[in-house]
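> Can you keep this structure in mind? I'll have questions shortly.
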Amino acid sequence: QGLLLLAAALGVAAATRCPAPCVCDNLRAHVLCLNGSLMAIPDTIPELTKKLDLRGNNFMVIPAGAFLATPYLTHLELQRCKVERLEEGAFRGLGRLVYLNLASNDITLLYQESLDGLSSLQQLILEGNRIEEIQPGAFGHLGSLTVLDLRANALVYLPDMVFQGLQVLRWLRLSHNALHVLGSEAFAALPALRRLSLDHNELQALPGEALARLDGATRLDLGHNPITYVAEEALAMASLRHLFLDHASLQDVAPDAFARSPQLRMLDLRENQLQGLPPLAGAGGLARVSLDGNPLLCSCLLRPFHNWLARARVQAEGACAAPPALRGRSLDSLKPPEMRCSRLRPPPSPAAPPERPRAAGSRQCPRGCVCSPDFHHGSCENRNLQEIPRDFPGDTHLLDLRRNTFRTVPPDAFPGLKELVSLHLQSCSIGTLQPGALRGLDSLVYLYLTDNRLSSLAAAAFEGAPQLAYLDLDRNAFSRVPAGAFRLLPNLISLHLQHNAIGELAEGDLAGARGLRWLYLAGNAIRHIAPAALAPIKMLEKLQLEGNHLVEVPTAALRGLPALSELKLSQNPIKHMGDGVFLPVASSLQHLYLDNMGLEQISPHAFTGLGPKIRSLYLESNKMSNIPDMSNFTGLEILNLQDVPFHCDCQLLPLRRWINKLNLRVGATCGSPADARGLKVKLATIFQTCPGWGRGEAVEANPNKTKAASKPSKKNRSGKSPA
């Protein structure tokens, strides 16, 4: 008996031994291994540990299964550990963990399975890493997460569905990145989100389409972004109450900019470049507007806004900067008769404002333009200019030349702008981009040529701009893709050629664009895609072909695209879909859009090869009466079957059972027979007469026993709730 007691005592001691150089508090089940030189996760940490603090060590890599020996952990601190990589399955086995802090490491990429196994995690802190890319699906296993902190990373863009799986997330923190491009579905499937922080980024326009998916968010932080203008109905967020647009570059706000955000109560516009505001139509719930730090011109031009403040009982904070007699006066102290224009000079013509004398040492800026030294921005928007102005400050990062009439961009049009990152030439009647037009723009990343008259491009036009990554040529006059034009752009990531008149994609059209990841060709007249047309762009992730004239899926052209994750074929007149049409991209495809095509028949084997990787499938507004077996689509988060006239007979029973098991709202209704027309497929009683009814239906009575694919998104892609 004594030997047994000794063995038991030794066993307890072994179970609670504390690895050097750690400190263990066995009573509270805490272990601290702070600021040491640990190169690997200790494997002798007590099994019953609940809180583990490993800050300040030197792990570099968190290997798969690193914490399998401590399955009871609820809190894990890994800040400042020089972590560069999280291997797939690094946290597997930590099903009880609710808090994970990985701040201030060197992580650059989040893989799809990096965070697998954290089903109970509520807070994930990734602040202060070097994350440049998040693979869609990286957060797919974090169904309990409420706070995600991605501040101070190196994110430039957010692809569609990047946050899929975060069904209960309430606060998403993306401040202090370099975000410039947001996919229109970037925030899809975040039904519980209440607060979104996008301040201190590089957003040049309010990302209204992406934000419209957040109909439950109440606070939005967009301060410290180079946004110059808020357009009509730019923000459609039904529950938004607090909007921060402070320290941006705002020069104007449309009267109905917030008309589609009826719950807005507080609007922060501090430290912008606003000389005034119009009455804000539709913002009936607004209680406070902050305008401190703006150069407000308290003339008669501000009276309509001032009167609206009184009528709407909105509190306004701000003070006049001009005229001199009113300088420093608060807005709420002004009387309408004081706000006069009679003694003021009439406002100058936008094309030629009076040139102000420069003080010694002041920065250069072309006549008629505005240069902001704080933001490194230059703007000559809508100045009726016919030639591109010169003499901008050499450290200009963003140059806005929209809505002028240049007609052509000559060689060496932008001398001395080696630091320019973003160039806006939208709506400038440009018909020619001459060879060498961009010469010297060594840092240029973003080029916007939307709404011009370009019908051709030569590769020499891009000479001298090797860093160009985002090229927007939407709404021009191209009848074909300018073949070979992109061979001098090895870093091109995103190419927009939407709403042109392109009739086909031919072999060689995309030669040289080997790094292209997103290709937007919606709204053209494409009837044919040559089998080798997409061969040069093997890294392509997103291909948007909606609204063209394709009559079949371009299967042959999809070969050789191993990374393609999104394919949009919506609004093409494809009536029939044959066997294996998506086989070339079956191993990578995650989002498939086949809606509004008039699709009449889908072969039983059309989806061969597709399966668990598919996250969203859009089939709404078509004409088929049945769809193939999709029982292996186990990863679906969005499935839209609205406005499809299903024939509800016994042949549809497998589909009906599968839809019920998904636990998704899919909107499927019966189109026939007559006595079932309009009924939801889930509820139609016609199936109860089918042979085999009763097998498997027992589980429907207790849906909690089925594994839910996901909670439904509040809105589908079109903004309508599925029936």
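The values are calculated or read from the model by the stated rules, or taken from the named source; none is laboratory data. Note that this is a predicted model, so its numbers are computed, not measured. With ideal geometry, Cβ positions are generated from the backbone for all residues, glycine too; neighbour counts draw on all protein chains shown. When the accessible area is computed, the model is the full protein with side chains, heavy atoms only, and any ligands, DNA or RNA have been set aside. Shrake-Rupley method; radii C 1.70, N 1.55, O 1.52, S 1.80 Å.
> No other cysteine beta carbon under 4.7 Å away is the test; run it over the chain and list who passes.
Result for the chain is Cys81, Cys428, no neighbouring Cys Cβ within the cutoff.
> Follow-up. Can you give the FRET efficiency to the nearest 0.05 for Gln263 and Ser443, using r as the Cβ-Cβ distance and R₀ = 56 Å?
Values: r = 41 Å, r/R0 = 0.74.
Efficiency for this residue pair is about 0.85.
> Follow-up question, since we're still on this one. Please figure out what share of the DSSP beta bridges in the range 18-154 is antiparallel and state it in percent, rounded to the nearest 5. The partial results should precede the final answer.
Details: 3 of 22 bridges.
Antiparallel bridges: around 15 percent, rounded to the nearest 5.
> Once fully extended, how much extra length lies between Ser456 and Ser587, figured as 0.36 nm per residue of separation less the alpha-carbon to alpha-carbon distance?
Values: separation 131, 0.36 × 131 = 47.16 nm, distance 3.60 nm.
Here the answer is 43.6 nm.
> Another question, if that's okay. Within the range 250-281, name every residue whose backbone N is under 14 Å away from a label modeled 7 Å from Cα of Gln315 along the Cβ vector.
Under 14 Å, as judged by backbone N against the label point of Gln315, lie 265-268 of the range 250-281.
> In whole Å, what three semi-axes, largest first, describe the equivalent ellipsoid of the range 18-154 built from its Cα gyration tensor (square root of 5 times each eigenvalue)? Kindly include the intermediate steps, with their values, before the conclusion.
Numbers: eigenvalues 103, 56, 32 Å².
Here the semi-axes work out to 23, 17, 13 Å.
> Can you work out the Karplus-derived ³J(HN,Hα) for every residue in the range 285-295? Use 6.51 cos²θ - 1.76 cosθ + 1.60 with θ = phi - 60°, whole Hz, and x for glycine or proline.
3J(HN,Hα) across the range 285-295, in whole Hz: x, 5, 10, 8, 10, 9, 10, 4, x, 9, x.
> From the protein chains alone at 1.4 Å, what is the descending order of accessible area for Val23, Val162, largest first? Don't skip to the answer; put the middle values down first.
Numbers: Val23 95, Val162 0 Å².
So the residues, ranked largest to smallest area, are Val23, Val162.
> What distance in nm separates the two pseudo spin-label positions at Asn384 and Ala192, each 7 Å out from Cα along the beta-carbon direction?
5.7
> Kindly sort Ile388, Ile227 by accessible area of their heavy atoms, largest first, with the probe set to 1.4 Å.
Numbers: Ile388 25, Ile227 0 Å².
Result, largest first: Ile388, Ile227.
> Now for a separate question. Could you state the number of Å between the C-alpha centres of the range 488-528 and the range 375-427?
What the calculation gives is 25 Å, centre to centre.
> If you don't mind, another one. Bins of 5 Å, beginning at zero and ending with the bin holding the largest distance: percent of Cα pairs per bin for the range 195-338, please.
Going out from 0 Å in 5 Å bins, the range 195-338 shows 2, 11, 20, 25, 21, 12, 7, 3, 1, 0 percent.
> Right, here's the next one. Round to a whole number: what % of the accessible area of the range 18-154 belongs to carbon and sulfur, probe 1.4 Å? Working shown, then result.
Details: 2780 of 5700 Å².
It is 49 percent, rounded to a whole number.
> Of Lys568/Lys623; Lys613/Lys682; Lys50/Lys613, which sit over 28 Å apart, Cα to Cα? Could you put the intermediate results ahead of the total?
Numbers: Lys568/Lys623 18 Å; Lys613/Lys682 25 Å; Lys50/Lys613 34 Å.
Among Lys568/Lys623; Lys613/Lys682; Lys50/Lys613, the Cα-Cα distance tops 28 Å for Lys50/Lys613.
> Probe of 1.4 angstrom, ligands and nucleic acids ignored: what's the accessible area per residue over the range 18-154, in square angstrom?
Details: 5700 Å² over 137 residues.
The answer is 42 Å² per residue.
> Also: Given 4 °C and 1.567 mPa s, compute D for the range 131-194 with the Stokes-Einstein relation, Rh being the Kirkwood radius over Cα pairs; round to the nearest whole µm²/s. Don't jump to the answer; show the numbers that get you there.
Values: Rh = 11.7 Å.
It diffuses with D of about 111 µm²/s by this estimate.
> Computed FRET efficiency, Cβ-Cβ of Asn491 and Glu232, R0 41 Å: what is it to the nearest 0.05? Intermediate values should be presented prior to the final figure.
Details: r = 34 Å, r/R0 = 0.84.
Efficiency for this residue pair is about 0.75.
> Using only protein heavy atoms and a 1.4 Å probe, report how much of Thr218 is accessible, in Å² to the nearest 10.
Solvent-accessible area, nearest 10 Å²: 50 Å².
> Another question about this same structure. Please compute the length gained on full extension between Ala477 and Thr405, using 0.36 nm multiplied by the number of residues separating them and subtracting their Cα-Cα distance. Don't skip to the end; give the middle numbers.
Details: separation 72, 0.36 × 72 = 25.92 nm, distance 1.66 nm.
Extra length from Ala477 to Thr405 when fully extended: 24.3 nm.
> Could you work out how far apart the two model spin labels at Ser120 and Ala287 are, taking each label as a point 7 Å from the Cα in the direction of the beta carbon, and quote it in nm?
3.9
> Here's another thing I want to ask about it. Which values, in whole Å and largest first, are the semi-axes of the equivalent ellipsoid of the range 372-507 obtained as the square root of 5 times each eigenvalue of the Cα gyration tensor? Don't skip to the answer; put the middle values down first.
On the way: eigenvalues 112, 56, 31 Å².
Semi-axis lengths for the range 372-507 are 24, 17, 13 Å.
> Mind listing the phi-derived Karplus ³J(HN,Hα) values for the range 490-496, rounded to whole Hz, using 6.51, -1.76 and 1.60 with θ = phi - 60°, and x for any glycine or proline?
Whole-Hz 3J(HN,Hα) from phi for the range 490-496: x, 9, 5, 9, 10, 10, 9.
> Suppose R0 equals 35 Å. What FRET efficiency, 1/(1 + (r/R0)^6) with r the Cβ-Cβ distance, do Leu679 and Ser631 give to the nearest 0.05?
Working: r = 23 Å, r/R0 = 0.66.
Here the calculated transfer efficiency is 0.95.
> Follow-up. With just the Cα atoms of the chain, tell me how far they stretch along each of the three principal axes, in Å, largest first.
102, 70, 55
> Continuing with the same structure: Can you give the percent of C-alpha pairs in the range 575-690 whose distance is more than 23 Å? Walk me through the intermediate numbers first.
Working: 1621 of 6670 pairs.
Summing the P(r) of the range 575-690 above 23 Å gives 24 percent of all pairs.
> For the chain, give me the percentage of DSSP beta bridges that are antiparallel, rounded to the nearest 5 percent.
Working: 8 of 96 bridges.
DSSP beta bridges in the chain are roughly 10 percent antiparallel.
> Using a 1.4 angstrom probe and counting only protein chains, how large is the accessible area of His605 in Å², to 10?
110
> What percent does the relative contact order of the chain come to when contacts are Cα pairs within less than 8 Å and at least six residues apart? Kindly include the intermediate steps, with their values, before the conclusion.
Values: 2022 pairs, mean separation 27.9, N = 723.
Dividing the mean separation by the residue count of the chain yields 4 percent.
> Here's a follow-up. Which value in nm describes the separation of the simple spin-label points at Ala501 and Tyr99, placed 7 Å from the Cα toward the beta carbon?
Placing both labels 7 Å along Cα→Cβ, they lie 6.4 nm apart.
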